[in-house]
1. Let me check I've understood the local charge: for ARG84, count other residues with C-beta under 12 angstrom from its C-beta, Lys and Arg +1, Asp and Glu -1. What total comes out?
2. Starting from the Cα-Cα distance between GLU67 and THR194, subtract it from 0.36 nm times their residue separation and give me the gain in nm to one decimal.
3. Over the Cα atoms of the stretch 137-226, each weighted equally, I'd like the Debye log10 I(q)/I(0) at q = 0.16, 0.21, 0.22, 0.25 Å⁻¹, rounded to two decimals.
4. Could you work out the relative contact order of the chain? I mean the mean sequence separation of Cα pairs under 8 Å and 6+ apart, divided by the number of residues, in percent.
5. What translational diffusion coefficient, in µm²/s and rounded to a whole number, does the Stokes-Einstein relation yield for the chain at 37 °C and a viscosity of 0.692 mPa s, taking the hydrodynamic radius as the Kirkwood radius over Cα pairs?
6. What net charge is computed for the residues neighbouring GLY52, neighbours being all others with C-beta under 14 Å from the C-beta of GLY52, Lys and Arg scored +1, Asp and Glu -1?
7. Please report the spacing between the Cα centers of the stretch 52-73 and the stretch 25-51 in Å, no decimals.
8. Once neighbouring chains are kept in place and the probe is 1.4 Å, which whole percent of the accessible area of the chain is contributed by carbon and sulfur?
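The values are calculated or read from the model by the stated rules, or taken from the named source; none is laboratory data. In this text the structure is predicted, and so the values were computed from the model without any measurement. Glycine also receives a Cβ, built like all others from the backbone with ideal geometry; neighbour counts cover every protein chain displayed. Note: areas computed on protein heavy atoms with side chains; ligands, DNA, RNA excluded. Shrake-Rupley method; radii C 1.70, N 1.55, O 1.52, S 1.80 Å.
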Amino acid sequence: MAQALAIQNLTMRFDGLTAVDRADLSLQDRQIVSLIGPNGAGKTTLFNCVTGHYAPTEGTVHLGKDELLSGLPPHTIAKKGVVRTFQNIRLFPAMSAVENVMVGRHCRTRAGVLGALLGPPSVRREERAIRARARELLAFCGAAEYEDQQARNLPYGVQRRLEIARALAAEPKILCLDEPAAGMNPRETADLITLITAIRGLGITVFLIEHHMNVVMSISDRVAVMDHGVKIAEGTPDQVQKNPAVIAAYLGEAVGSG
Ligand SMILES: Nc1ncnc2c1ncn2[C@@H]1O[C@H](COP(=O)(O)OP(=O)(O)OP(=O)(O)O)[C@@H](O)[C@H]1O
Ligand SMILES: [Mg+2]
């Protein structure tokens, strides 16, 4: 298997606080790798360093074998194929579901979305193709029936899947999902497990932050555990669940409660 992403010696400091402390982690192509740990462990900060929302204080992030990502801005990193969703849903509330997904495509279009909506015929042809693709992605994410509804009116679980559809519209090689099951009921969580597995089936590497242990343990190839900015364990779901340091830091009460 080829390397999809390599995080090396990654450190992120805010004033006095070291939110991520010399973290190493690598993802292989088409793996599902989860990052878990208690609140404030540094998981989202690590994602922010991978996606360019923060420039790490120290360390590097490489895409594939040797393409340096760290230090590049988020839109450049997205264009290279590392795309994310956010812990706090970020949709355009007054736009329809399908338009929200179309926006996700904009890093790969010539005219951009506004040009597509307002521009000349060639651009409008491109817009039609983007809209068709957005519909396909909504269907793939199980949200076809909501395509014309405003994002703000959608049930919470649908909004989360809409965010995933939007991220897929950017054609990721690596999809980073920050707590996609947050606020979902058991039924929605089961559907999410199916969806993430299907995303991997498309050939996409999935980097997942998640507190729902049933999701993490059922779909991950590997699990990394952070506590106070430090990666304290890494392994298969089985190995991690048995690791005493993990149990002490976090899993003791969380396992099975997901
Ligand atoms: N921009 C920032 N400025 C200052 N401190 C920050 C910033 N971003 C994160 N932190 C701090 O870094 C630490 C790690 O936060 P982070 O959001 O990465 O944790 P997390 O593991 O994602 O937690 P949660 O499970 O609650 O989402 C926290 O102490 C947080 O307050
Ligand atoms: Mg977080």
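1. Numbers: positive: ARG90, ARG166; negative: GLU163, ASP178, GLU179.
Every neighbour counted, the sum reads -1.
2. Length gained between GLU67 and THR194: 42.6 nm.
3. With one equal scatterer per Cα and no solvent, log10 I(q)/I(0) is -0.61, -1.06, -1.16, -1.46.
4. In percent, rounded to a whole number, it is 25.
5. Working: Rh = 18.8 Å.
Approximately 175 µm²/s, per Stokes-Einstein.
6. Working: positive: LYS79, LYS80, ARG84; negative: GLU67.
Here the charged neighbours net out to +2.
7. Cα centroid of the stretch 52-73 versus Cα centroid of the stretch 25-51: 14 Å apart.
8. 51
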